[in-house]
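The values are calculated or read from the model by the stated rules, or taken from the named source; none is laboratory data. This is a predicted model, so every value here is computed, not measured. With ideal geometry, Cβ positions are generated from the backbone for all residues, glycine too; neighbour counts draw on all protein chains shown. Ligands, DNA and RNA are stripped out before the accessible areas are found, and what is left, the full protein with its side chains, is counted by its heavy atoms. Shrake-Rupley method; radii C 1.70, N 1.55, O 1.52, S 1.80 Å.
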Amino acid sequence: MRFDTIITGGTLVTAMGRTRGDLGIRGERIAAIGRNLASADTNALIIDAKGRYVIPAGVDVHVHLDLPFMGSNSSDDYNSGHRAAARGGITTTIDFAIPYGKESMSQAVDNWFKKAEGIACVDYGFHGTITDHRRHLKELPSMVERGIPTAKEFMIYAAMGWQSDDGAIIAGLEECKRAGAMLMIHAESSSALDLLMARADDPKLKKKYGAKLHAMTRPPYIEAEAIQRAITWCEVTGGKLFIVHMSVGAGADLIKEAQDRGVNVLAETCAQYLVLDDSVFARKDGHLYASQPQIKTKADQKRLWKALRDNTLTNVSTDTCTFTTKQKAIWKGDYSKIPMGLPGLETLLPIVYTHGVLKRRISLEQFVQKCCSDPAKIMGMYPRKGSLDVGTDADLAIIHPKKTIKVDWRKMETNADWSPYQGWDLAGFAETTLCRGKVIVDGYKFVGQNGHGAYVPRKNPGVAGR
Ligand code: URP
Ligand code: ZN
Ligand code: ZN
C-alpha cells in the first residue's frame, strides 16, 4: 500500500484505550492503522513517534475569533487564533456567528465565513446565535441544511441587544427540537446580576475593590440559578440543551440530577475554570482575567474536575476571546467596562493534560475523550473529526508524555501580549500537528499555511459518551 505520510512507532490513544502502532495517511485521510507500515513504502514522509502519544487532534467547540464585543474587537482572528490552535494540537474550531442590528442568522454566518476564508489555518464550523427569536428561529431549518445544527442564546447582554428571556429560551428549545438542532445557553441570571451591579455602581466601591468587584457582583448563584431555569425549560419542552462555558460547581450538581432523571442536557467547562481561581482578581493585573461567567473558587474547580471524570461534563473548551493589555486597559478602574474574555486556544490541551492527566485527576483516555472525541460527537462531526479511524480526516497531534514548555506569550502564536498561564510549565503541547494530512506544526513550530483551513458542515448534535 502506498502512503503520503506514515507515523511510526507511537502509542495511539483514543477514548477507548491505547495501543502501539503505525498510522498510514493518504491524501487527507487516515488510510491504514497497523504495524510496520513503513517497511514497504520508501517514498512516504516518515514521522517517528516513538515514545510519543498520537491522539486525534483537539476540537474546540467554543471560540470567538475576530469578534466585535464590548467596544473592542477580539484580537485573535482566523489567522493568529488558528496558528495558536495548531500549536496547541487543535485542528477544528467552532465559532459563534453573531447577528448585529437587524441581521439574520444567515447573514451573520456569511459574515463569519468572510472572516475565515483565505486565512484559516485549521478547519472550522459555526454555531448560529439567536438574538431575536421571533425572526431567527424561522431560520433554523436552513441553518441545519448549511451544516449548522447548533445555536446559542444568551441570558445576559441586554445592552448589546443579544439577551433572550425565558420565553425565547422555551421557543428556542421547541424550534430546535423540530429542526433537529441543539440549543446552547449562556446561563447567568440577568436581573439578579443587574441588581448587584447597580449596588456596586459607586466610585468608592470601585476604587476600593478594583477587579475584585467583578467576582463580588457574580456570586455562584448568578450562574447556578440560570442553569436551573434553563434545565426546567429543557425538561418541559423535551428539547436538547447544552450549557456553555460552565464555571460553577453547583451547576454540575444540577446537571447531574437532571441527567439522572432523563433530561437531555449536556454541558462543557473551559480550561481556565479548571485551573484558575478568583484570587486572580486580587492581582495588580487582575482585570485581565475578567470573563463572563467569571473564574470561580478552588471548590468549584474541584467539583468541575469530578464532573469531567464522571461524564456530567462532556468536554473542555476555551471560550477564546482575546483582548490585549491595551484593550483591557480601557477599564480605568471600573470593572464593568473591562472587555471580557481570555486567550486560550494554544494552551487548552497542555492545561488539561498537565493538570488533568499528569496530576492523575483524569486518565489519558479521558483527556482524549474530553478534548478531542466527545466535542466532535456532541457537535455532530464525529468520526470525521476527533477519531483515529481509517477513512477519517488525518487530524492528529503528537505529544511527548513529559516534556514541558514554559508558557511565555512572547513565544506564542496568539496576538495576546499576556497569558493567564505566563511562566507555567506545561506538558502536552503538540510537537507535531497534522490537519487533513498536512503537517502544520513541526518541532513545536507552526509551519502551516493560510487558507488550509476548510469549513466542516455538521449534523445530529447532542450525542456524547464512548
Ligand atoms: O467573557 C467572555 N466569555 N466573552 C465571550 C462571550 C461569551 O459570552 O461567550
Ligand atoms: Zn457566553
Ligand atoms: Zn463564549
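Extension gain, D194 to F69, is 43.1 nm, computed as 0.36 nm per intervening residue step minus the present C-alpha separation. The value for the chain of Rg(Cα) / (2.2 N^0.38 Å) is 0.93. The Cα atoms of region 1-152 give a gyration tensor whose axes a ≥ b ≥ c have a/c of 1.5 or more with a/b greater than b/c, which makes the shape prolate. Its DSSP H runs of at least 4 residues, each contributing -39,500 (n - 2.57), put the calculated 222 nm mean residue ellipticity of the chain at -7500 deg cm²/dmol, to the nearest 500. Label separation (R135 vs D389): 4.1 nm, computed from points 7 Å beyond Cα along the C-beta direction. Using a probe radius of 1.4 angstrom, the carbon and sulfur fraction of the accessible surface of region 57-378 is 53%.
Once the Cα-Cα distance is subtracted from the 0.36 nm per residue extended length, the Q163 to Y444 segment shows a gain of 97.1 nm.
Straight Cα distances below 20 angstrom link K177 to the lysines K138, K152, K240, K377, K459, with same-chain residues fewer than 8 positions distant left out.
Once you place label points 7 Å from the Cα toward the Cβ at N460 and K284, how far apart are they in nm? In this crude spin-label approximation the distance works out to 5.6 nm. Relative to the dominant Cα principal axis of the chain, helix 220-237 is inclined by about 80°.
Placing pseudo-labels 7 Å out from each Cα toward the beta carbon at K207 and R35 gives an inter-label distance of 7.5 nm. Shown here for region 33-110: chymotrypsin sites (Phe, Trp or Tyr not before Pro) in loop regions (DSSP other than H, G, I, E, B) with at most 14 other Cβ atoms within 10 Å, namely Y100.
Which one of A215, S80, I378 has its Cα pushed farthest toward the positive end of the charge dipole of region 57-378, where Lys and Arg give +1 and Asp and Glu give -1 at the Cβ? The residue sitting farthest along the positive end of the dipole is A215. Rounded to 0.05, the FRET efficiency of the R410 and A299 pair, given R0 = 41 Å and the Cβ-Cβ distance, is 0.75. Couplings for region 111-121, taken from phi via the Karplus curve 6.51 cos²θ - 1.76 cosθ + 1.60 with θ = phi - 60°, read 4, 6, 4, 5, 5, 8, 4, x, 10, 5, 9 Hz in order; Gly and Pro are left as x.
Against the criterion of solvent-accessible heavy-atom surface with a 1.4 angstrom probe, D77, D60 sort, most first, into D77, D60. For the chain, the solvent-accessible area works out to 37 Å² per residue, with a probe of 1.4 Å and every protein chain left in place. Considering only DSSP beta bridges whose two residues both sit in region 57-378, what percent are antiparallel, to the nearest 5? Here the share of antiparallel DSSP bridges comes out near 5 percent.
Quick check: the distance between the Cα centres of region 347-425 and region 119-171, to the nearest angstrom? One Cα centre to the other: 27 Å.
Straight-line cross-link partners of K403 among the lysines, defined as a Cα under 28 Å from its Cα and at least 8 positions apart when in the same chain: K50, K298, K302, K306, K359, K370, K385, K411, K438, K445. Computed across region 319-426, the Kirkwood hydrodynamic radius from all distinct Cα-Cα pairs reaches 16.1 Å. Classified by the C-alpha gyration tensor, region 244-331 has a prolate form. Its axis ratio a/c, with a ≥ b ≥ c, is 1.5 or above, and a/b is larger than b/c.
With all pairs of different C-alpha atoms in the average, the Kirkwood value for the hydrodynamic radius of region 192-294 is 15.0 Å. Taking the empirical scaling 2.2 N^0.38 Å for compact globular proteins as reference, region 372-466 has a Cα radius of gyration ratio of 1.25.
To the nearest ten degrees, helix 249-260 and the longest principal axis of the Cα atoms of the chain are 70 degrees apart. Only Lys, Arg, Asp and Glu carry charge here, each on its Cβ (+1 for the first two, -1 for the last two); on that basis the chain has a dipole of about 1060 debye about its Cα centre.
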